[in-house]
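For reference, the structure discussed in these notes is given below.
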Amino acid sequence: MVRRLNLDFFVRFVNLLLNDVTFVLDESFTAFKQIHDLAKELHSPPESLDANARQEKEEALSAAQSKAKGYMQLTNETVAMLKLFTEALEDSFTMPEIVQRLADMLDYNLDALVGPKSSNLKVENGEEYGWRPKQMLAEIVDVYLNLKDKTAFHRAVARDGRSYKPSNFTKAMTIMQRYALKSPEQLQEWEKLGNLIQAAKEADEQEEQDYGDIPDELCDPLMATLMEDPVILPRSRVTLDRSTLRSHLLSDPNDPFNRTPLKIEDVIPDVEMKARIEAFKAEKRGKKIGEASAAVEGEPMDTSA
């Protein structure tokens with residue numbers, strides 16, 4: 001019981017840490033984009049802005065600069081903490097209720113740093129705000145590399161449909177090589193990780209193709225994905241995946257369907273649904289094996305002539 005309480009406490013701590021990292025990075029990047037855009041406007045020909053408009057933009061620029069300086073200090077501290085914890089406690093960050101949030105956050109910020117819109121973060125005298133984009137990239141990459149051996153992490157990154165792009169891994173590699181941000185061994189690990197994630201993406205796509213149309217009743221009602229560990233909520237009687245519920249309860253201690261108080265210990269394993277899901281998988285696997293066997297053997301030779 002004590003071990004369960006300790007685990008629950010740490011999962012909540014990790015969730016709060018991810019919330020903090022996500023918030024401060026987003027606020028910092030928003031401030032830098034504002035600085036970038038406002039400085040560009042203020043550098044335009046004098047006649048393009050009247051005195052009042054110019055004064056408003058100068059005040060907005062000053063506010064954005066103050067905001068950037070404050071948030072960058074928090075950003076550097078929280079990213080350093082995330083790097084430290086993922087190095088020491090990597091298994092805790094690949095638990096089902098945590099790993100997808102972590103992967104989504106990392107992919108989003110990697111895209112911000114090296115993706116097509118990364119030029120929006122370029123500001124003059126960035127050091128004044130504590131903004132060191134190359135160092136930030138190196139630390140974000142360290143977090144990825146801390147989890148490089150975790151299959152659940154590969155799969156979570158691959159399943160991020162919003163920000164995961166193989167091209168970002170390639171671009172990050174180019175930047176790290178150009179500025180010697182990582183050792184040759186670390187660069188090899190980064191390349192290997194990118195390949196493992198790409199393989200996980202292809203495996204997911206193949207599995208989706210093999211399963212075809214999944215019956216709605218076998219899918220998680222919140223995530224619309226095939227359930228792995230279905231549980232019944234005691235009050236609303238809705239079935240959903242245990243990992244989905246765990247993730248939900250980290251930020252909201254209520255049943256998502258009727259808003260009544262709920263604890264993970266109250267759920268009921270849906271044994272019948274689990275059996276139906278396993279039967280569905282077995283049927284699809286059997287069909288795939290049969291098709292593969294037929295393809296290898298070919299059509300029977302016609303000997304009637």
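Values quoted throughout were computed directly from the atomic coordinates according to the rules given, and no laboratory measurement underlies them. Bear in mind the structure is a predicted one, so any value in this text is a computation, not a measurement. All Cβ positions, even for glycine, are placed from backbone atoms using ideal geometry, and neighbour counts span all protein chains on display.
In what sequence, highest mean first, do 174-184, 72-82 appear when ranked by Cβ atoms within 10 angstrom?
72-82, 174-184
Can you tell me the equivalent ellipsoid semi-axes for segment 216-297? Use √(5λ) from the Cα gyration tensor, largest first, whole Å.
In descending order, the three semi-axes are 34, 11, 9 Å.
Quick one: check the C-alpha center-to-center distance for segment 177-240 versus segment 46-76, whole angstrom.
Answer, in whole Å: 41.
Need one number: nm distance between label points at Gln73 and Leu49, each 7 Å from Cα along Cα→Cβ, rounded to one decimal.
About 2.7 nm separates the two model spin labels.
For the peptides 63-69, 150-156, what is the packing order when you average, over each peptide's residues, the other Cβ atoms within 10 Å and list the highest mean first?
150-156, 63-69
Any lysines with Cα under 27 Å of the Lys288 Cα? List them, leaving off those in the same chain fewer than 8 positions away.
Once the sequence-local lysines are set aside, what remains near Lys288 is Lys201, Lys274.
Between Arg237 and Asp26, what is the FRET efficiency for a Förster distance of 41 Å, r being their Cβ-Cβ separation, to the nearest 0.05? Before the final figure, lay out each step's value.
On the way: r = 37 Å, r/R0 = 0.91.
For Arg237 and Asp26, the calculated efficiency is 0.65.
Counting pairs of alpha carbon atoms under 8 Å apart in space and at least six apart in sequence, what relative contact order in percent does the chain give?
So the answer I get is 15 percent.
With each run of n ≥ 4 DSSP H residues scored as -39500 (n - 2.57), what mean residue ellipticity at 222 nm is computed for the chain after dividing by its residue count and rounding to the nearest 500 deg cm²/dmol?
Value at 222 nm, helices only: -22500 deg cm²/dmol.
Enumerate the residues in segment 223-249 having an amide nitrogen under 11 Å from the point lying 7 Å beyond the Cα of Thr260 toward its Cβ.
Label zone hits: 233-238.
Tell me, what is the Rg over Rh of the chain, with Rh the Kirkwood radius over Cα pairs? Intermediate results must be reported in sequence, preceding the final value.
Working: Rg = 24.6 Å, Rh = 22.7 Å.
Radius of gyration over Kirkwood radius for the chain works out to 1.08.
Longer than 31 Å from Cα to Cα, which of Lys148/Lys281; Lys150/Lys263; Lys134/Lys165; Lys67/Lys263; Lys117/Lys284; Lys40/Lys69 are they? Say none if no pair is.
Lys67/Lys263; Lys117/Lys284
Students often check this: by mean Cβ neighbours within 10 Å, which of 16-23, 203-210 ranks highest, and how do the rest follow?
Result, highest mean Cβ count within 10 Å first: 16-23, 203-210.
Given contacts defined as C-alpha pairs under 8 Å and at least six residues apart, what's the relative contact order of segment 216-297, whole-number percent?
Working: 87 pairs, mean separation 22.2, N = 82.
Result for segment 216-297 is 27 percent.
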